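Here is the structure we will look at.
The values are calculated or read from the model by the stated rules, or taken from the named source; none is laboratory data. Please read all numbers here as calculations on a predicted model, not as lab measurements. Here the Cβ positions follow ideal geometry from the backbone for every residue, glycine too, while neighbour counts run over all protein chains shown. Side chains included, ligands, DNA and RNA excluded: accessible areas come from the protein's heavy atoms. Shrake-Rupley method; radii C 1.70, N 1.55, O 1.52, S 1.80 Å.
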4 protein chains.
Amino acid sequence: MIELSENQYGKSRVRLMKVERGAPQHRVFEWNVEVWLTGDFTSCFLEGDNTLILPTDTMKNTVYSLARSSGAKNIEEFALELITYFLATQPQIDGAGARIGSTGWSPIQTTAGTHATAFVQTGPEITTATATQSRNAAPEIISGLDQLTILKTAKSAFSHFKKDKLTTLRETEDRLLGTVMTANWTHTRASSDFDRIRVSVRDALLATFAGHDSKSVQQTLYAMGKAALEAAPEISAIHLSMPNKHCNLVDLSPFGQDNPNLIFVPTDEPHGSIQATVRRVE
Amino acid sequence: MIELSENQYGKSRVRLMKVERGAPQHRVFEWNVEVWLTGDFTSCFLEGDNTLILPTDTMKNTVYSLARSSGAKNIEEFALELITYFLATQPQIDGAGARIGSTGWSPIQTTAGTHATAFVQTGPEITTATATQSRNAAPEIISGLDQLTILKTAKSAFSHFKKDKLTTLRETEDRLLGTVMTANWTHTRASSDFDRIRVSVRDALLATFAGHDSKSVQQTLYAMGKAALEAAPEISAIHLSMPNKHCNLVDLSPFGQDNPNLIFVPTDEPHGSIQATVRRVE
Amino acid sequence: MIELSENQYGKSRVRLMKVERGAPQHRVFEWNVEVWLTGDFTSCFLEGDNTLILPTDTMKNTVYSLARSSGAKNIEEFALELITYFLATQPQIDGAGARIGSTGWSPIQTTAGTHATAFVQTGPEITTATATQSRNAAPEIISGLDQLTILKTAKSAFSHFKKDKLTTLRETEDRLLGTVMTANWTHTRASSDFDRIRVSVRDALLATFAGHDSKSVQQTLYAMGKAALEAAPEISAIHLSMPNKHCNLVDLSPFGQDNPNLIFVPTDEPHGSIQATVRRVE
Amino acid sequence: MIELSENQYGKSRVRLMKVERGAPQHRVFEWNVEVWLTGDFTSCFLEGDNTLILPTDTMKNTVYSLARSSGAKNIEEFALELITYFLATQPQIDGAGARIGSTGWSPIQTTAGTHATAFVQTGPEITTATATQSRNAAPEIISGLDQLTILKTAKSAFSHFKKDKLTTLRETEDRLLGTVMTANWTHTRASSDFDRIRVSVRDALLATFAGHDSKSVQQTLYAMGKAALEAAPEISAIHLSMPNKHCNLVDLSPFGQDNPNLIFVPTDEPHGSIQATVRRVE
């Protein structure tokens, strides 16, 4: 027999720009929102009965309507507001989720000063938040950052590793270490000072990355996760994905030149993939 | 206390072009390979002890070396060959995984005929295979396809849906239905005729998409999954992701023109996100 | 003194899906349109006087409105129709241009046959057309194709090249030759059988690429351009851009394996850039 | 008769990371380099004679070798150094060009201070420089920036524009104005203080964008170009491309909500395309 198993539906890439028209300094927020619903939609999948299906177009409208009325101070609160709304107004659903990616904008600064109503996009880093909730359960809120592209030019080695007959990599005590980091940390409470925690976690991640005497990406990743957990007692776990974006030392010896760790080829492929969760346990 | 939780490491975006120099017709295979290992690497993460860490560079070498000696007839067999090799040669690991994406190439055909040693890339569809195995357990093999971009211009409706105060979408009995499909089907055995099954599954998916009298993406998705399971008794489940890439009817009435479902704006964002697993049960 | 020099404005990425509802076989056309206008817009640039500025939003509307009423049989004719319309209705402009990129769609074919109202996107190749015209001059029409990704596994050498003290490349009599081709051919008349010419040019390009005994990308490019001009007397010139997307032979000797041109690493960067125009002269 | 017309060849996407290991503060430079050569290569194109063809692989090597020995203080000087080298060492060429795109990296700053050997990538803005030279002529150097993504939330109107029967756009005295700017300015001398000029030009562009009381993108573009030329007497012209990345006001009236320029949908397509050169004349 054939049956419907796990399923969900929703709307992705709902883009939103919100302007706060302060006096005199404006602020802008650019969010890319995804929302989804779960529940027993068997009648829809099997029989084409749409009476329980709130259109994804309405989910999009909901994002814009709530954005207008919302007092959310950050993406975590807005993600939570969205799923709370869906659970409250849609009795046919069992759960809801929302994920928001936020692109950074800063006031333009020139020799004329800080401009109150003009902005420059920052990046490539984006900040993220995901809220999910099953009916009659507590919401889960995960904050994150993505595409944080970082590099260290000292204190990174990789040696004494396992070798087999296909190993050609040379040991090194001094290499470049670069990554495009994704981090996701889980909050222990649905209501918290998400902005302050974000600042603490990000600072701990970056300071540890910069200062760590790295014997491997793995060791540095763990040290970063541990530092984040220590800096933010409100979070219970952090997942870090740190692809090893290799910078290969160029062999200049055919040209009679040395290359004491000065000239590299940065590459996007292939790349190492290192990821782990670091968790607080009782 | 803080501790290491789930983790894995490996190499991604290992690109490979393999040429079969037949007589006279050549064949080319372009694969993008990802491999990863799991196990107890606590000493690496916590202490920087690399003695259990096979470098990801060696994993890359393994892909190339095995590709040379391999007799694998398709990506499923090669993915399986990779993980079997790692489990056999690396006692320190508990599990291994490999995922391969294959870009299509066809012999160039012109008025001069079919060319034996020249090829044109097809697409955007790619074919995929993922093999994973934990030590002392059977391997799991999932075949798939990705970026299969399809559209139907008839037999697609969406009406009688749930409405709330934020609903503005109009009911329609005749709309365009387009998607960029991802499909993944799970094999019941690690050794099978993967190519024949792929042909059957893909044919069932496409024929059902084309012929289905659709009341919603959900209903069509389920019908497609069911047809695939019926066409291929060797698979136990299929997961389908069918984002609804909306084609919006252009309102030409301000210009005094009608638009009887002829002129549309295709859009990438926002898009509906519909996904489900259809499963065979006893 | 400071003054305004060359300028133009227009609308880009106007996306359009047009459905021909034949009986029984439908056809779909997906176009990405760019239109632009030139003229003396000094009063706008210098003084903010918009009275001569037709909004780019109206240009977008024009694309949709004309698409509805158009009898154009291909992208060349529709591009020409667009610029003719703007020159006829906008006396303030001196010139107009339109560029269209067309994504391919084919009817879905399964064991159940060819489906009349369901389609699969082909690619990555897209077809292009550009029409430009200055008032009181004849229009120029250029047809093209883009992202045609091709590869040859035989009859490609590169040897006897110039060497200097920084040259490390080895000569080869047998390499893979791959490219992502862009071609643009100029028509001698604004009214022509663009579809038939496209078939002839494309066939000549591909047959020559496949059959040519290549001593360099340059030589093959020229042979291809020459063949296209010979195949289509209605065109006066063809520009070809053929980046050399290198497939590097993997050195398997450290693993005790040979590699007689079987296993390669396809790369996107760095790549050779070879481009030239081949022209018919009296 | 058919003949070879304009042509060039070279190497693209040569990626380079250069580390300056100061004491204690390191600096990193990430460049993406393109180099090309022109000349009479007819014998190569027509006869497959490669004796005048320096391989593009050697051009790549040249980038790395010169990067090692170079004292260039910025991308303009390095681009110039590359083409000077090719013209000096390759008598068979008539001209050479180099284009460099530079990705920004800044020292990581945390509560622990500024880290001397760890960096975070900035962006999306990249800085660019192009140097070209024909033998026996002076080099031309163009500096630029690309992907500078800016937005203003006040002082932007678009009204009193030309209307025709297809115009539906409403006039507005207060809209968001966003663009992803590309700027290119031409230097009057091959030797100059490129870094200081860059700072002046960029500051003038941004301050004018921010402060300008805009009646159209065109008017603001011209004001920005004019300000750049006034700020940097060493440049003779500036070309600005300012696609109008529309932020559309969301109509919340169906939901009983007002929207006093607070909630917008940012879009990538379609977009306005406005570009012009502003030039200094005697």
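A few points about this structure:
- For the stretch D:165-282, convex hull of alpha carbons as volume per residue, Å³: 138 Å³
- Shielding of peptide D:241-253 by partners, expressed as the average count of other chain Cβ atoms within 10 Å per residue Cβ, is 3.
- FRET efficiency for C:Thr51 and C:Asp195, using Cβ-Cβ distance with R0 set to 30 Å, rounded to 0.05: 0.15
- Between the Cα long axis of helix C:194-211 and the first principal axis of chain C there is an angle of about 10°, rounded to the nearest 10.
- For A:Ala88, the distances from its label point to the matching points in the remaining copies are 5.8, 6.1, 7.3 nm, ordered from shortest, with each point set 7 Å beyond Cα toward Cβ.
- Residue-count net charge about B:Gln92 - beta-carbon cut-off 10 Å; Lys, Arg +1, Asp, Glu -1: -1
- Counted by Cβ distance under 10 Å from A:Glu125, the other residues give a net charge of 0, where Lys and Arg count +1 and Asp and Glu count -1.
- Apportionment of accessible area to carbon and sulfur, chain A, percent (1.4 Å): 50 percent
- Here the stretch B:96-145 and the stretch B:172-205 have alpha carbon centers that stand 14 Å from each other.
- Applying both filters, DSSP loop and at most 12 other Cβ atoms within 10 Å, to the trypsin sites (Lys or Arg not before Pro) of the stretch D:48-106 gives D:Lys73.
- Taking the label point 7 Å along Cα→Cβ, A:Asn248 and its counterparts in the other copies are spaced 0.3, 4.6, 4.6 nm apart, in ascending order.
- Compared with the dominant Cα axis of chain B, that is its longest principal axis, helix B:75-89 is turned about 30°.
- What chain B shows is 38 Å² of accessible area per residue, with the surface traced by a 1.4 Å probe over protein heavy atoms.
- In this Cβ point-charge picture (+1 for Lys and Arg, -1 for Asp and Glu), the protein assembly as shown has a dipole of about 0 debye about its Cα centre.
- Between C and D, buried accessible area from a 1.4 angstrom probe totals roughly 6400 Å², ignoring ligands, DNA and RNA.
- This model, with +1 at the C-beta of Lys and Arg and -1 at the C-beta of Asp and Glu, gives chain D a dipole about its Cα centre of some 600 debye.
- Computed helical MRE - 222 nm, chain B, DSSP H runs ≥ 4 contributing -39500 (n - 2.57), nearest 500: -7500 deg cm²/dmol
- Sorted largest first, extent of chain B alpha carbons per principal axis (Å): 74, 67, 42
- Computed about its Cα centre, the charge dipole of the stretch A:159-259 is approximately 340 debye, with only Lys, Arg, Asp and Glu carrying charge at their Cβ.
- Given R0 = 22 Å, the distance between the Cβ atoms of B:Gln109 and C:Glu269 translates into a calculated FRET efficiency of 0.15.
- Most positive-pole-ward Cα, B:Phe194, B:Pro91, B:Ala118, against dipole of chain B from beta carbon charges: B:Ala118
- In the stretch D:112-137, burial by the other protein chains removes 10 Å² or more of accessible area from D:His115, D:Thr117, D:Ala118, D:Phe119, D:Val120, D:Gln121, D:Gly123, D:Pro124, compared with the chain on its own (1.4 Å probe, ligands and nucleic acids ignored).
- Distances in nm from B:Asp213 to the matching label points in the other copies, shortest first (labels 7 Å along Cα to Cβ): 6.3, 6.5, 7.5
- Karplus-derived HN-Hα couplings along the stretch A:99-112 (A = 6.51, B = -1.76, C = 1.60, θ = phi - 60°), whole Hz, x at Gly and Pro: 10, 10, x, 10, 8, x, 9, 10, x, 5, 10, 9, 4, 7
- Along the stretch A:236-244 the Karplus relation, 6.51 cos²θ - 1.76 cosθ + 1.60 evaluated at θ = phi - 60°, assigns HN-Hα couplings of 9, 7, 9, 9, 10, 10, 10, x, 8 Hz to successive residues, with x for each Gly and Pro.
- Between the residues D:His239, D:Thr277, D:Pro254, the greatest Cα displacement towards the positive end of the dipole of chain D, with unit charges on the Cβ of Lys, Arg, Asp and Glu, is found for D:Pro254.
- In sequence order, the stretch C:144-153 has phi-based couplings of x, 9, 9, 6, 7, 9, 10, 8, 10, 9 Hz under the Karplus curve 6.51 cos²θ - 1.76 cosθ + 1.60, θ = phi - 60°, and Gly or Pro positions carry x.
- Nearest residue to the symmetry axis between B and D, taken on chain B by its Cβ, in whole Å: B:Asp268, 4
- Angle between chain D longest axis and helix D:217-231 axis [Cα atoms, degrees, rounded to 10]: 50 degrees
- DSSP beta bridge pairing in the stretch B:148-279, given as percent antiparallel to the nearest 5: 95 percent
- Listed residues D:Ala129, D:Gly71, D:His26: farthest to the positive end of the dipole of the stretch D:5-145 (Cβ charges): D:His26
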